[in-house]
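Enquirer: One structure, pasted below without further comment.
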Amino acid sequence: MTLNINQQTRFFEDPPQNVAALVALEMQGKTKGIAVAINQQVIPKDRWADIPLREQDQILIISATQGG
């Protein structure tokens, strides 16, 4: 499966099945302060496990940072 994550094309032989699995893989288990959008639609955190990934999805993963 090919996904575009943060404007980088990535190929997965064994793709994550949903947004929760992708975030766990990409963020090494970190979920606090993470926002996800798929195809320009923000996905609420409580729905990550319910949203399947599809070929060529455009995914944006944003991590909040501290500082001023």
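The values are calculated or read from the model by the stated rules, or taken from the named source; none is laboratory data. Being a predicted model, the structure only gives us computed values, none of them experimental. When we count neighbours, we look across all protein chains shown, and the Cβ atoms used for this are built from the backbone with ideal geometry, even at glycine. Only protein heavy atoms, including side chains, enter the accessible area calculation; ligands, DNA and RNA are left aside. Shrake-Rupley method; radii C 1.70, N 1.55, O 1.52, S 1.80 Å.
Enquirer: Pull up the stretch 1-34, narrow it to residues that are exposed (fewer than 14 other Cβ atoms within 10 Å of the Cβ) and either in contact with a Lys or Arg (Cβ under 9 Å, 6 or more places away or on another chain) or within 18 Å of residue 64 (Cβ to Cβ) (or both), then point me to the one that is modelled with the lowest pLDDT. Reasoning before the result, please.
Expert: Here is the first cut: in the stretch 1-34, the ones exposed (fewer than 14 other Cβ atoms within 10 Å of the Cβ) are 2, 6-9, 11-14, 17, 25, 28-33.
When the remaining residues are screened for being either in contact with a Lys or Arg (Cβ under 9 Å, 6 or more places away or on another chain) or within 18 Å of residue 64 (Cβ to Cβ) (or both), the result is 2, 6, 28-33.
Values: 2: 97, 6: 97, 28: 88, 29: 78, 30: 82, 31: 81, 32: 88, 33: 91.
Ranking the candidates gives 29 first.
So that you can scan it fast, the table gives a plain yes or no per residue for (1) touching a helix residue (DSSP H, G or I) at 6+ places or on another chain (Cβ under 8 Å); (2) touching a residue at least 40 places away in the same chain (Cβ under 8 Å):
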site: 2; (1), (2): no, yes
site: 10; (1), (2): no, no
site: 17; (1), (2): no, no
site: 20; (1), (2): yes, no
site: 37; (1), (2): no, no
site: 41; (1), (2): no, no
site: 46; (1), (2): no, no
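Enquirer: Right, something else. Give the residues of the stretch 35-53 that are over 15 Å from residue 63 (Cα atoms), open to solvent by 60 Å² or more (accessible area, probe 1.4 Å) and not hydrophobic (A, V, I, L, M, F, W, C), sorted by residue number.
Expert: Within the stretch 35-53, 39, 40, 41, 46, 47, 50 meet the criteria.
Enquirer: List the number of the failed condition for residue 48; all other conditions in (1) assigned to a loop (DSSP other than H, G, I, E, B); (2) out of contact with any Ser or Thr (no Cβ under 7 Å at 6 or more places or on another chain); (3) not aliphatic (A, V, I, L, M) hold.
Expert: With respect to (1) assigned to a loop (DSSP other than H, G, I, E, B); (2) out of contact with any Ser or Thr (no Cβ under 7 Å at 6 or more places or on another chain); (3) not aliphatic (A, V, I, L, M), residue 48 is out only on (1).
Enquirer: Taking residue 37 as the residue in question, decide whether it is assigned to a strand (DSSP E or B) and either among the small types (Gly, Ala, Ser) or at pLDDT below 95 (or both).
Expert: In short, yes.
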